[in-house]
Amino acid sequence: MSKLFFSALMIVAVSTAYAQEKVSGSSERGYQSYMKYMCYTCHGTVGQGADRGTGPKLAPYPLPWGAFEQQTRLPRQDMPPYRKEFVSDQELADIYAYISSLKPGSEAKDLPLLNF
Amino acid sequence: MAKDAFDRRAFLKGAAASAAAVIGTQMAANSPAQAAETSSEGNEKPPSRDKIISRPGSDFMVDVIKATGIEYVASNPGSSFRSLQESIINYGGNKKPEFLTCMHEETSVSMAQGYAKAAGKPMGIMAHGTVGLQHAAMAVYNAWCDRVPVVMFAGNFLDAAKRRPGVEWYHCVQDPAALLRDFIKWDDQPLSLQHFAESMMRAYKIATTVPMGPVLITADGVIAEGPISDEKKLSIPKLTLSIPPQGDSGAVSEAAKMLVAAQNPVILADRACRSQEGMKHLVELAEALSAPVIDIGGRMNFPMNHYLCRSGDRRALVGQADVALLLEVADPWGQFNTVSDPHHEYRRLAKPDVKVIHISLGDTLTKSNYQDMQRFMPADLPITGDAQATLPALIEAVKKATQRGAFANRAAKLREDHGRMKDRARAAASVGWDASPCSTARMSAQLYDLIKKDKWCLAVSSVQWNRNLWPATEYHNFIGGSGGAGQGYGSGAAVGAALANRDKGILTVSIEGDGDLMYAPGALWTAAHHKIPFLMIVHNNRAYHQEVMHLQKMAALHNRRMDTAAIGTTIEKPNVDFAKLAQSMGVWAEGPISDPTAIGAAFSRALAVVKRGEPALVDVVSQGR
């Protein structure tokens with residue numbers, strides 16, 4: 001628990017230091033950019049994440065914008081950085097708008113196929 | 001030489017020369033062989049083209065193969081072993097062994113790999129000594145890395161004077177095994193039938209002695225096609241198999257003391273178990289210690305629904321452990337350490353002073369060139385022995401060193417932790433449940449729902465959900481992966497496993513990556529032709545998705561654009577229609593299906609076909625991973 005708390009604290013601290021003013025984004029354009037940059041390869045087309053730990057879940061309930069921007073521009077662990085020269089601030093804001101637009105689905109307890 | 005002996009090559013050579021010299025004369029009468037026979041017996045013989053070899057060497061080879069109990073030989077037909085193939089079919093009755101027609105030698109071997117893991121005994125394969133083994137090589141490497149026995153026969157004509165000109169020379173080689181010797185356990189090129197019999201028994205014994213692995217015997221064409229000269233002098237040695245060795249008893253006692261004294265022991269099992277009995281022993285050991293078990297998955301080692309199964313919590317448990325027991329773990333170093341990608345920075349995952357016990361035969365079967373031995377990691381207590389064979393002694397030693405109820409306080413927490421791990425997996429699986437393309441979690445859960453009442457085997461899977469979610473309890477449920485991570489394994493391995501399971505009443509299913517299937521789709525034809533029932537679900541994500549991230553990592557490292565990663569990694573434009581591909585080879589198929597609500601009904605229809613004894617395929621357009 002203490003490790004988790006420390007990690008969360010670090011993310012907030014670093015992202016606060018890094019965070020830029022957020023550009024307004026469009027979820028429609030964001031979906032196009034999400035597919036163009038093949039974010040879905042590791043995170044799934046609806047941000048659900050992957051089964052081997054290769055891409056964490058992005059949605060629903062995404063990270064705060066600052067932490068999201070930090071992780072995209074200067075990531076922790078093995079994710080490659082998506083720098084401004086190649087993914088603009090506008091595109092990143094659009095991608096964030098897309099994953100923020102994804103609504104939660106049914107919970108596991110309500111899905112019979114997951115309750116055996 | 002026996003009376004009916006006939007040197008066919010000498011005949012053809014002589015006949016060709018005679019035809020050029022004496023027009024209008026019977027070619028056969030001018031052949032050296034015919035001339036010799038006519039003069040020795042004083043009577044005119046029928047033309048030599050009518051001569052027969054009623055008891056060729058390959059018949060005896062079949063007798064030897066039958067004596068090993070090998071039931072199947074998978075092969076693409078080849079002239080260098082034509083006599084052996086003919087003897088299997090006509091002399092042996094095409095039964096035990098039965099000739100299985102394959103479209104590629106890689107498939108022959110991957111079938112044999114899947115079969116051996118499901119059947120618990122090896123299958124044979126046949127291939128040309130040159131081009132056939134070259135095709136087979138990657139699959140042989142997979143079997144080697146996976147420690148699976150495969151008995152391979154290579155066709156060859158060692159005697160250059162007997163070879164037909166042209167192709168036969170291309171298909172012959174001085175040393176057929178040289179190509180594979182870095183990743184097979186043993187090979188031989190017998191020069192007589194007695195030599196063949198003895199080497200075959202030796203090969204089978206070596207292949208099935210733990211740690212197991214592929215072996216190669218060259219079936220020389222001259223010996224196979226020629227007559228048996230004196231059968232009374234031939235004998236087939238008795239086949240006796242080695243008993244797996246147990247680890248040293250003193251070392252086992254020491255291991256028990258370390259485990260009993262540990263505050264946070266953890267057990268990691270990889271290719272540890274060979275049977276349900278092995279799983280039973282591992283459960284008994286884990287319960288005696290109240291120690292969580294991480295099943296790495298090289299084989300089915302531990303029931304997934306047992307409260308001590310914690311395969312999804314490896315990093316956390318390894319990080320907390322003060323004593324770790326490794327059971328035939330292929331990559332010990334990788335369990336405790338990691339290297340970041342792409343910067344290659346080292347990071348320790350475990351405590352610096354964790355004590356490691358490793359029961360393994362890994363050091364007894366290692367070679368230098370190919371690096372499947374993984375990074376060196378010294379264990380504090382390395383025990384050379386077979387993990388399954390050593391477990392009973394270790395259990396006894398642990399129980400002897402433990403006071404009754406000593407670890408009872410650990411059990412309650414471990415039950416809660418197991419429940420939390422399962423809840424996390426279910427929660428993760430529920431996200432994106434209604435997505436289209438279909439989520440891999442939903443695809444996996446839907447499949448389980450339809451097979452859970454049967455005895456089932458998931459022979460191959462390109463997704464991991466089944467290991468996190470399915471409450472698998474039987475050794476036959478999972479058979480591990482490819483070993484060497486060589487693409488093209490899945491289709492053949494699933495067909496091979498299904499063949500073994502067909503006779504045991506076990507329903508075989510596979511979740512096959514589209515990229516992997518494109519390497520060796522011909523395995524589907526083999527399944528249809530030989531009526532090998534299994535359901536293949538194509539995890540059709542239309543890409544080599546793992547490679548996308550590699551390309552993006554390199555682009556980031558080189559500070560270049562990130563939107564080009566689809567080039568060379570995707571399988572689109574055109575999309576592959578796997579249902580049509582399967583149908584073209586006589587396999588019942590449906591798809592492509594993108595709607596997640598439609599897959600359940602499609603799986604049901606396909607399973608009805610499989611239960612009738614035929615293969616079926618459903619192409620599911622699905623998420624990347």
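The figures follow:
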quantity	calculated
All positions within segment B:443-468 that are facing another protein chain (nearest Cβ under 7 Å), buried (at least 23 other Cβ atoms within 10 Å of the Cβ) and not aromatic (Phe, Trp, Tyr)	B:Ala445, B:Val463
Subset tally (residues that are within 14 Å of another protein chain (Cβ to nearest Cβ) and under 24 Å from the mean Cα position of the chain (by Cα)) for segment B:589-625	1
Scan of segment B:419-440 for residues that are assigned to a helix (DSSP H, G or I) and at the interface with chain A (Cβ under 7 Å from one of its Cβ atoms), ordered by number	B:Arg426, B:Ala427, B:Ala428, B:Ala429, B:Ser430, B:Thr440
Every pair of residues 6+ apart whose Cβ atoms lie under 6 Å, when the first sits in segment B:597-613 and is in the same structural domain as B:Arg502 (by TED's automatic domain parsing) while the second is charged (D, E, K, R)	B:Ala602/B:Glu590; B:Gly613/B:Lys531
Of all residues in segment A:94-107 being in a helix (DSSP H, G or I) and surrounded by 20 or more Cβ atoms within 10 Å (Cβ to Cβ), the one that is farthest from the other protein chains (Cβ to nearest Cβ)	A:Ala97
Residue in segment A:8-17 that is out of contact with any His (no Cβ under 6 Å at 6 or more places or on another chain), surrounded by fewer than 21 Cβ atoms within 10 Å (Cβ to Cβ) and modelled with pLDDT of 95 or more present	no
Residue satisfying all of: in segment B:486-531; of a type in the set (Val, Ile, Thr) and assigned to a helix (DSSP H, G or I); surrounded by the fewest Cβ atoms within 10 Å (Cβ to Cβ) among these	B:Thr526
Members of segment A:44-93 that are of a type in the set (Phe, Trp, Tyr) and more than 8 Å from every other protein chain (Cβ to nearest Cβ)	A:Tyr61, A:Trp65, A:Phe68
Of residues in segment B:547-562 being of a type in the set (D, E, K, R) and surrounded by fewer than 16 Cβ atoms within 10 Å (Cβ to Cβ), the one farthest from the other protein chains (Cβ to nearest Cβ)	B:Glu547
Among residues of segment B:64-89, those that are in a helix (DSSP H, G or I) and farther than 27 Å from B:Gly166 by Cβ, counted	5
Any chance B:Ala408 is under 33 Å from the mean Cα position of the chain (by Cα), away from chain A (no Cβ under 14 Å) and of a type in the set (A, V, I, L, M, F, W, C)	no
Qualifying residue in segment A:40-57 (condition: outside any helix (DSSP H, G or I), among the charged types (D, E, K, R), under 18 Å from B:Ser622 (Cα atoms) and touching a Ser or Thr at 6+ places or on another chain (Cβ under 8 Å))	yes
Criterion: closer than 27 Å to B:Met152 by Cα and hydroxyl-bearing (Ser, Thr, Tyr) - qualifying residue of B:Ser290, B:Ser235, B:Ser253, B:Ser249	B:Ser235
Residue list for segment B:469-480, restricted to those being more than 11 Å from chain A (Cβ to nearest Cβ) and touching a Leu at 6+ places or on another chain (Cβ under 9 Å)	B:Ala472, B:Asn477, B:Phe478, B:Ile479
Members of segment B:406-434 that are in contact with a Ser or Thr (Cβ under 6 Å, 6 or more places away or on another chain) and buried (at least 23 other Cβ atoms within 10 Å of the Cβ)	B:Gly432
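Here's the yes/no breakdown for (1) touching a residue at least 24 places away in the same chain (Cβ under 8 Å); (2) in the same structural domain as B:His529 (by TED's automatic domain parsing); (3) surrounded by fewer than 21 Cβ atoms within 10 Å (Cβ to Cβ); (4) of a type in the set (Gly, Ala, Ser):
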{"site": "B:Tyr91", "(1), (2), (3), (4)": "yes, no, yes, no"}
{"site": "B:Met123", "(1), (2), (3), (4)": "yes, no, no, no"}
{"site": "B:Gly132", "(1), (2), (3), (4)": "yes, no, no, yes"}
{"site": "B:His135", "(1), (2), (3), (4)": "yes, no, yes, no"}
{"site": "B:Met152", "(1), (2), (3), (4)": "yes, no, no, no"}
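The values are calculated or read from the model by the stated rules, or taken from the named source; none is laboratory data. Note that the structure is predicted; figures quoted are calculated from it, not measured. Here the Cβ is made from the backbone with ideal geometry for all residues, glycine too, and neighbour counts use every protein chain on show.
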